[in-house]
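Contents: one structure, followed by commentary.
The values are calculated or read from the model by the stated rules, or taken from the named source; none is laboratory data. Everything numeric in this text was worked out from a predicted model, so none of it was measured. All Cβ positions, even for glycine, are placed from backbone atoms using ideal geometry, and neighbour counts span all protein chains on display. Calculation scope for accessible area: heavy atoms of the full protein, side chains included, ligands and nucleic acids excluded. Shrake-Rupley method; radii C 1.70, N 1.55, O 1.52, S 1.80 Å.
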Amino acid sequence: GRVPVGIVNLDRGGAWGKFGRLFANALIPDPSRPVAPAAPSLQAFAVRPFPDEAEARRRVERESLFAALIIPADFSEALTTGRATVEVCVAGPGNVLGTAFTSVVETVANLISSGEIAARTTIEALLGHPAARVRLRDGRWNDALTDLVRAAASPDANPIRVQRLSPAGPSARIKLAHYLAASLAVMFIGFTALMISAGLFQDRRQGTLQRLLVTPTRPEAVLGGKFLGAYLSAVVQLGLLAGGLAALERLFGGAAGAGSGATNPLAADPVGLAVLILTAAAAAAGVGAAVAGLAGSYVQAANAGIAILIVMGLLGGSFFPVDFFPAPLHLLSRATFQYWAVAGYVKLALGSGPAAVLPHALVLTAMAVAYFAIGGRLLKRRLGNP
């Protein structure tokens, strides 16, 4: 891909024009504008303008930009005195690509300082105005033009200064063991909820369901109790798995993770984690109810349900991050409850708070309601023919 770099043009312009804009235009490709005669090739760089110098510097520090050119506000005015400078901020001391962009900037800066571009552009602009042509013809601007070209061509004019910025710090990351533990736990609660919901077929085969239905107990109460049991089992299972992971990290994770820069799951916000567990368990229980409702027997629910949950786990990131998928599969992954649960856990493990997982919790809740509605309707129809 092309190397991302930035340009911040703060130049206010001067008596002879806005040379900062000329500098920026020489570096930013524009299909509607003819290429400058001596402009270097920029095919390897994706040059992006930034209006804010602080934002460009932050991006260089975070290494989302390899380098950034800062054109100061007095660039055009200083160019007439031979003291014009620009600044290139490069990310890190060993940044070869940022250094390559610096060389390109130096080439353009030297062209401007030599007067080859500055003088031609200025004179062409002056010749476009009748009043200016009169002053040029009378010789009233001869001294000013001479001073401008002399200052631009002076060897003392150094138009480039390079500043190396250290990265803001190592980016936070999550250990692979933590990721797999959380993602597999989310997938396993789907199996638990599926087996409990499919237990209605076992109850019917054993006669337990028939004995319940001849009592004043309504079918909705029977289904509600089964679904509530599946949900509470999923909550307890996911809570124990998360608590077990935290306990193992407390006992053994300190030495194993020392100096790795990986995050500690104990630092995850407890409120956000609790919200995520409750909503993820609800979505998993809802999927189990829907699969059980679509099946015709306990065996069908077990076999088909496990296959469906494994496919959803593959798409949802239970085995490896969805970032490895091609773009079309990203949309499919968002249709699984595993994706929203695992992505929410990763946010919490990296230090985010409850507000960061609120969208995940809302999506999981919506999935739970939809799946419970489907499963409840189908299973209630089966209860009518026990």
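Per-residue answers, yes or no, for (1) at pLDDT 70 or above; (2) among the charged types (D, E, K, R); (3) farther than 13 Å from V186 by Cα:
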site: R218; (1), (2), (3): yes, yes, yes
site: A255; (1), (2), (3): no, no, yes
site: G259; (1), (2), (3): no, no, yes
site: L276; (1), (2), (3): yes, no, no
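The residues of region 311-320 that are of a type in the set (A, V, I, L, M) and open to solvent by 70 Å² or more (accessible area, probe 1.4 Å), listed by number, are V311, L314.
Residues in region 72-85 that are crowded, with 24+ Cβ neighbours inside 10 Å and either of a type in the set (A, V, I, L, M, F, W, C) or free of Cβ contacts under 8 Å to residues at least 24 places away in the same chain (or both): F75, L79, A84.
I need the full set of residues from region 29-46 which are at pLDDT 80 or above and surrounded by fewer than 19 Cβ atoms within 10 Å (Cβ to Cβ), in order please.
A46
Considering region 3-28 alone, what residues qualify as being farther than 15 Å from F50 by Cβ, in a loop (DSSP other than H, G, I, E, B) and modelled with pLDDT of 80 or more? Within region 3-28, R12, G13 meet the criteria. Within region 220-253, being modelled with pLDDT of 70 or more, surrounded by 14 or more Cβ atoms within 10 Å (Cβ to Cβ) and not aliphatic (A, V, I, L, M) holds for K226, F227, G229, Y231, S233, Q237, G239. Looking only at region 157-204, residues that are surrounded by fewer than 15 Cβ atoms within 10 Å (Cβ to Cβ), modelled with pLDDT of 70 or more and more than 29 Å from the chain's Cα centre (by Cα) come to 1 in all.
Mind checking which pairs have a first residue in region 181-194 that is at positive phi and a second that is among the acidic types (D, E), Cβ under 7 Å, 6 or more apart or different chains? No pair meets every condition. Residues in region 326-341 that are free of Cβ contacts under 8 Å to residues at least 60 places away in the same chain and open to solvent by less than 10 Å² (accessible area, probe 1.4 Å): S333, T336. Could we say that A368 is closer than 30 Å to A295 by Cα and among the hydrophobic types (A, V, I, L, M, F, W, C) here? Yes, satisfied.
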